[in-house]
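What follows is a single structure, written as structure tokens, with notes after it.
The values are calculated or read from the model by the stated rules, or taken from the named source; none is laboratory data. Quick caveat, the model's predicted, so the values are computed rather than measured. When we count neighbours, we look across all protein chains shown, and the Cβ atoms used for this are built from the backbone with ideal geometry, even at glycine.
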Amino acid sequence: MDHAVPYQPHVGETRQYWRDIVLGVNDGLVSMLLLAAGVVGGGLDAGQVLLTGVAGAIAGAVSMAAGEYLATKSQDEVLTAELALEREHIRHHRGMELDQLRQMFATMGVDAGDLETVVAAFDNSDTTLLNAMKALEFGVVDSERRSPLKAMWFSGVLFLAGSLPSVLPFVFTADPVVGLVWASALASVGLFAVGVAKSRVTRGSAIVAGGENLIIAGLGGAAAYLVGGLVGRGIG
């Protein structure tokens, strides 16, 4: 054991939900800032921007939550059906399944002389063989399967949280431009913080991750403001 290198624990049970966490809060921060920039550029007053922002935040949160629930549930149902078929294969076509397992272990680099011993160990029970095929053929272990309800919760609630920096400033000011400046500043802080938090999990650069978020949002916000202005002038 090398005590010179400290042991770093894995992320743990939240690992499979980081997609929902980052997507939810990032989508709330970016999409609502772009919405605010677009409607301010289009000439709406602060009250109208606030109403638009509240409606957009609620609609976005519900859409994210429902979409993530259905997508995660559908994916889990597909996997459940595939595993049911895999059980039939193990019962009625065991030799083919063992051949597949043998090929997968060979691809992983298991020495040819050890292959039969390894495969024989998994052939001892249907459950062991199923678990091996589940992990190697389908890339899934039970601890990594995602709950549709948790995915829905993370996506919806964090989208709503991400929406707040772009909506709240219009509660406190009657000037839409001032509100947009504050929304941009608060959303930028939020986006950079999300990048930094993500870097703690990915063990990457906090500056790069935070800066990446800011650049994407900045370019999108500028484009939304310009498009909103063009549409506003066209309607006017």
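Condition check ((1) part of a helix (DSSP H, G or I); (2) in contact with a strand residue (DSSP E or B) (Cβ under 9 Å, 6 or more places away or on another chain); (3) small (Gly, Ala, Ser)) across all residues:
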{"site": "Arg91", "(1), (2), (3)": "yes, no, no"}
{"site": "Glu97", "(1), (2), (3)": "yes, no, no"}
{"site": "Arg102", "(1), (2), (3)": "yes, no, no"}
{"site": "Thr107", "(1), (2), (3)": "yes, no, no"}
{"site": "Gly113", "(1), (2), (3)": "yes, no, yes"}
{"site": "Ala121", "(1), (2), (3)": "yes, no, yes"}
{"site": "Asn124", "(1), (2), (3)": "no, no, no"}
{"site": "Leu129", "(1), (2), (3)": "yes, no, no"}
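Just to be sure I understand, how many residues within segment 131-156 are more than 25 Å from Arg102 (Cβ to Cβ) and either in contact with a Pro (Cβ under 9 Å, 6 or more places away or on another chain) or not in a helix (DSSP H, G or I) (or both)?
3
At pLDDT below 85, part of a loop (DSSP other than H, G, I, E, B), touching a Phe, Trp or Tyr at 6+ places or on another chain (Cβ under 9 Å) and aliphatic (A, V, I, L, M) - does that describe any residue in segment 3-10?
No, segment 3-10 contains no residue that is at pLDDT below 85, part of a loop (DSSP other than H, G, I, E, B), touching a Phe, Trp or Tyr at 6+ places or on another chain (Cβ under 9 Å) and aliphatic (A, V, I, L, M).
Condition check ((1) out of contact with any Leu (no Cβ under 9 Å at 6 or more places or on another chain); (2) modelled with pLDDT of 90 or more; (3) not β-branched (Val, Ile, Thr)) across all residues:
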site: Leu70; (1), (2), (3): yes, yes, yes
site: Ser74; (1), (2), (3): yes, yes, yes
site: Val78; (1), (2), (3): yes, no, no
site: Glu88; (1), (2), (3): yes, yes, yes
site: His93; (1), (2), (3): yes, yes, yes
site: Asp99; (1), (2), (3): yes, yes, yes
site: Met108; (1), (2), (3): no, no, yes
site: Gly113; (1), (2), (3): yes, no, yes
site: Ala121; (1), (2), (3): yes, no, yes
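For (1) at pLDDT below 85; (2) buried (at least 23 other Cβ atoms within 10 Å of the Cβ); (3) of a type in the set (A, V, I, L, M, F, W, C); (4) within 18 Å of Val171 (Cα to Cα), each residue gets a yes or a no:
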| position | (1), (2), (3), (4) |
| --- | --- |
| Val22 | yes, no, yes, no |
| Asn26 | yes, no, no, no |
| Leu29 | no, yes, yes, yes |
| Met32 | no, yes, yes, yes |
| Ala36 | no, yes, yes, yes |
| Ala46 | no, no, yes, yes |
| Gly53 | no, yes, no, yes |
| Val62 | no, no, yes, no |
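Where residues in segment 156-178 are among the small types (Gly, Ala, Ser) and surrounded by fewer than 23 Cβ atoms within 10 Å (Cβ to Cβ), which of them is nearest to His89 (Cα to Cα)?
Ala161
Identify all residues within segment 87-115 that are among the small types (Gly, Ala, Ser) and over 34 Å from the mean Cα position of the chain (by Cα); write none if there are none.
Gly95, Ala112, Gly113
Output the number of residues of segment 116-155 satisfying the condition of being of a type in the set (Asp, Glu), surrounded by 13 or more Cβ atoms within 10 Å (Cβ to Cβ) and within 27 Å of the chain's Cα centre (by Cα).
1
So, in segment 64-86, of the ones that are β-branched (Val, Ile, Thr) and exposed (fewer than 14 other Cβ atoms within 10 Å of the Cβ), which residue ends up nearest to Ala187 (Cα to Cα)?
Val78
Which ones in segment 182-191 are free of Cβ contacts under 8 Å to residues at least 12 places away in the same chain and β-branched (Val, Ile, Thr)?
The answer is none; no residue qualifies.
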